[in-house]
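Written out below as structure tokens is the structure these notes cover.
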Amino acid sequence: MNRKQVYNFLKVMMKDKSRAGLEVAYVDDLYGKPVLVATDGYILTAVYLGEEAKDYVGKRISREAIEKWYKLADGKSRLTAESLQDLMEDDAHNGWQPVGEYPKWQQLIPSTDSAMQDMSMAFNADFVKVVQDLNNSQGVHIKLYGKLAPMVIDDEVSFSLIMPMKG
């Protein structure tokens with residue numbers, strides 16, 4: 001990810017100390033590819049990483065470590081699997097320990113058996129703009145699976161879920 005993408009990734013990651021389990025980035029596997037996951041409870045994104053990040057699946061990285069990388073980065077900087085290893089080492093050196101377990105986020109993904117429906121629903125357009133900027137794209141394609149199901153944006157760069165708004 002470039003610096004601008006990391007900035008938008010941080011927008012998705014929880015800041016609130018009351019939900020410290022979400023105040024991290026989580027390396028996971030999605031469709032056989034390693035991803036870096038962030039959520040604030042309303043929007044979730046999983047940025048596809050290179051195959052070299054497979055060894056990090058199940059690891060977490062503090063928000064502080066990613067913010068530090070962002071602040072030190074310039075326009076040519078890239079957050080890579082090697083950078084992730086450096087951030088994890090920084091966390092360990094600073095004595096940081098993750099709290100609790102990361103949520104079972106993949107359970108939120110609508111099944112492929114779910115039929116997309118013609119409907120009306122409310123959603124936060126700012127969240128969609130964050131995903132668009134994170135993906136470094138001009139627009140997004142959103143899959144809808146029901147009024148109460150998350151909206152799915154699956155791009156070459158990331159996989160994102162956005163929860164619908166009530167009312």
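A short reminder: the numbers here are calculations on the coordinates, not readings from a lab. All figures in this text were calculated on a predicted structure; none of them were measured in a lab. Backbone-built Cβ (ideal geometry, glycine too); neighbour counts: all protein chains shown.
Just a few scattered comments:
- Rounded to the nearest whole Hz, the Karplus-based 3J(HN,Hα) values (6.51 cos²θ - 1.76 cosθ + 1.60, θ = phi - 60°) of the stretch 91-99 follow the sequence 4, 5, 5, 7, x, 6, 10, x, 9, with x at glycine and proline.
- With the simple model of a label 7 Å out from the Cα in the direction of the Cβ, residue 51 to residue 125 spans 4.2 nm.
- Distance between the pseudo-spin-label points of residue 138 and residue 16 (7 Å out from Cα toward the beta carbon): 3.7 nm.
- In this label model, residue 166 and residue 82 are separated by 4.9 nm, measuring between points 7 Å along each Cα→Cβ vector.
- Cross-link reach is defined here as a Cα-Cα straight distance under 24 Å, omitting same-chain residues fewer than 8 places apart; for residue 17 the lysines meeting it are 59, 68, 71, 104.
- Across the stretch 19-25, rounded Karplus estimates of 3J(HN,Hα) from the backbone phi angles (6.51 cos²θ - 1.76 cosθ + 1.60, θ = phi - 60°) give 10, 4, x, 9, 7, 9, 9 Hz, Gly and Pro being marked x.
- Over the chain, relative contact order from alpha-carbon pairs under 8 Å, at least 6 apart, %: 25 percent
- Stokes-Einstein diffusion for the chain, with the hydrodynamic radius set to the Kirkwood value over Cα pairs and evaluated at 4 °C in a medium of 1.567 mPa s, equals 79 µm²/s.
- Difference of contour (0.36 nm per residue) and Cα-Cα distance, residue 89 to residue 106: 3.4 nm
- Cα gyration tensor shape for the stretch 38-84, rounded if a/c is under 1.5, else prolate or oblate: oblate
- Fraction of C-alpha pairs exceeding 18 angstrom in the stretch 5-82: 38 percent, rounded to a whole number.
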